[in-house]
Amino acid sequence: MSTNNQPPPAFHPASAPDYLPLPQLRDLQLQRLRAIVTRAYERVDLFRKRMDEHGMRPGDLKSLDDVTRLPFTVKTDLRDTYPFGLFASPMREVVRLHASSGTTGKPIVVAYTQDDINVWSSVMMRSFAACGLHAGDIIQNAYGYGLFTGGLGAHYGAEALGATVIPISGGNTERQIMVMKDFGVTAICCTPSYFIHLIERAGELGIEMKKLPLRAGVFGAEPWTEGMRKHIEANSAVKAFDIYGLSEIIGPGVGIECQYQAGLHIFEDHFLVEIVDPETDKPLPGGTEGELVLTTLSKNAMPIIRYRTHDITAIVPEQCACGRTIRRIRRIGRRSDDMFIIRGVNVFPSQIETALLAVEGTLPHYQIVLTRSKGLDNMEVQVEVTAEVFTDKISSLEGLQKKLSVAIERVINIRADVRLVEPHTIPRSEGKAKRVSDQRKM
Ligand SMILES: [Zn+2]
């Protein structure tokens, strides 16, 4: 929860669908689910084949719960049908293509009709409105423009809101800071790790972030913890909002935190949420942690049914204090696929981050290095400490090192070597931070 104590902003008309009465929302979802499943069945070979294998017809969907009878879609389906195999619209109706950067093999390609772009703009506009932004705000969009969905997704939403957009894209940190200061920027979109880098660089240039008009940050594209939020909010005047999205579903704008920063509201009129047990694939009840599964309810060019996101979260069963009826999911701290195994223990980078940031004197820059020698796995956690700590006596450094080691062991139950490094030692990323370097030979 934020420590900023601002009054909630005035209601924005774009947010009206966030407050639909529940029976109306569920009716709308069912109607849209039936239409999208019919569309996918009629137009996408892979989906029709899977439905036939399941002995299902689109007409079998009698209630929203029936969604659990539909086949899943996984990332490899998008790769295997590269580039256009999952499209449900003819090319002449497709007005935009995006693609993932994909570290290995072929990228995944996603398509939008003009209606799809309009939906995307509207959910991004509702995202900004939930953060209290409106016409008159000056939004610096430091998400990458190009094939990545982040840049253009945020761009169109911000324009639809009536805000002034600065399409600066990622990189060139000093220019980012100059623009932020000279243009009177009030909100920024980027990865949280990059914003922390901006705060540091501004400090070095003698610019005090807290004195700038910048008051909101829309941060996403990588998992981040409450510790990082605290750091950002303590070192700038920014209220830090977590935004969620993925290209396979639409891009940014699937969900966002409201002023209460207590979970991410999912735009349920366009995205159907399920939580499943990642091992058994069985649906889990509200409040239980599992893998997030999403179905697009209104995307024409590329309907995606029951997409396995690998993101681990839970539905928050209670209604939010903001009054929105659309449900929330808990912040995503980990993905089932960024887990690594060391000495037989499953570890997520976010667990290490939480342990590190709970200890005074550390900075949110760290890297986990995994090595193997003589058949034994070893984990070293390199973490930057503040300049004050580093110039201190050696004995206090040793004390801090020990404290961190204990904090990590308490969370993951295995010992890690902690190495304290000077500020700016860990490489900075202009996009997603790379937390784990696995140097073990497979
Ligand atoms: Zn809320």
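The values are calculated or read from the model by the stated rules, or taken from the named source; none is laboratory data. The shown structure was predicted, so the numbers you read here are calculated from the model rather than taken from an experiment. Note that each Cβ is placed from the backbone with ideal geometry, even for glycine, and that neighbours are counted across all protein chains shown. To get the accessible areas, we keep the full protein, side chains included, count just its heavy atoms, and leave off ligands, DNA and RNA. Shrake-Rupley method; radii C 1.70, N 1.55, O 1.52, S 1.80 Å.
Annotations
- Pairs, first of a type outside the set (Lys, Arg) in the stretch 60-71, second assigned to a helix (DSSP H, G or I) and open to solvent by 10 Å² or more (accessible area, probe 1.4 Å), C-beta under 6 Å, six or more apart: Leu61/Arg34; Leu64/Leu30; Pro71/Arg50
Each row is one residue, and each column tells you yes or no for (1) in contact with a Lys or Arg (Cβ under 7 Å, 6 or more places away or on another chain); (2) open to solvent by less than 40 Å² (accessible area, probe 1.4 Å); (3) within 16 Å of the ligand (Cβ to nearest atom).
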{"position": "Ala142", "(1), (2), (3)": "no, yes, no"}
{"position": "Leu147", "(1), (2), (3)": "no, no, no"}
{"position": "Lys211", "(1), (2), (3)": "no, no, no"}
{"position": "Arg215", "(1), (2), (3)": "yes, no, no"}
{"position": "Gly220", "(1), (2), (3)": "no, yes, no"}
{"position": "Lys239", "(1), (2), (3)": "yes, yes, yes"}
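- Filtered by the rule that a residue be open to solvent by less than 10 Å² (accessible area, probe 1.4 Å) and assigned to a helix (DSSP H, G or I), the stretch 180-201 gives Met180, Pro192, Tyr194, Phe195, Ile196, Leu198.
- Residues of the stretch 302-326 classified as in contact (Cβ under 8 Å) with a residue 24 or more places away in the chain, assigned to a loop (DSSP other than H, G, I, E, B), closer than 10 Å to Gly263 by Cβ and more than 10 Å from the ligand (Cβ to nearest atom), total: 1
Okay, residues lined up against (1) within 16 Å of the ligand (Cβ to nearest atom); (2) in contact (Cβ under 8 Å) with a residue 40 or more places away in the chain:
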residue: Arg328; (1), (2): yes, yes
residue: Arg331; (1), (2): yes, yes
residue: Asp337; (1), (2): no, no
residue: Ser350; (1), (2): no, yes
residue: Val359; (1), (2): no, yes
residue: Thr362; (1), (2): no, yes
residue: Gln367; (1), (2): no, yes
residue: Leu370; (1), (2): no, yes
residue: Gly375; (1), (2): no, no
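- Among the residues listed as Ile243, Ile266, Ile250, Ile256, the single one being more than 16 Å from the ligand (Cβ to nearest atom) and either at positive phi or not charged (D, E, K, R) (or both): Ile250
- Output for the stretch 86-136, where each listed residue is over 27 Å from Phe219 (Cβ atoms), in contact (Cβ under 8 Å) with a residue 60 or more places away in the chain and among the polar types (S, T, N, Q): Ser89, Thr113
- Restricted to helices (runs of 4 or more DSSP H) entirely inside the stretch 333-442, those with at least 3 residues that are open to solvent by less than 30 Å² (accessible area, probe 1.4 Å) are 349-357, 394-412.
- Asp66 falls short of the stated requirement of being out of contact with any helix residue (DSSP H, G or I) (no Cβ under 9 Å at 6 or more places or on another chain) and of a type outside the set (Gly, Ala, Ser).
- Within the stretch 52-70, tally of residues that are surrounded by 16 or more Cβ atoms within 10 Å (Cβ to Cβ) and assigned to a loop (DSSP other than H, G, I, E, B): 3
- Residue that is farthest from Ala321 (Cα to Cα), among those in the stretch 246-256 that are touching a helix residue (DSSP H, G or I) at 6+ places or on another chain (Cβ under 7 Å) and assigned to a strand (DSSP E or B): Gly251
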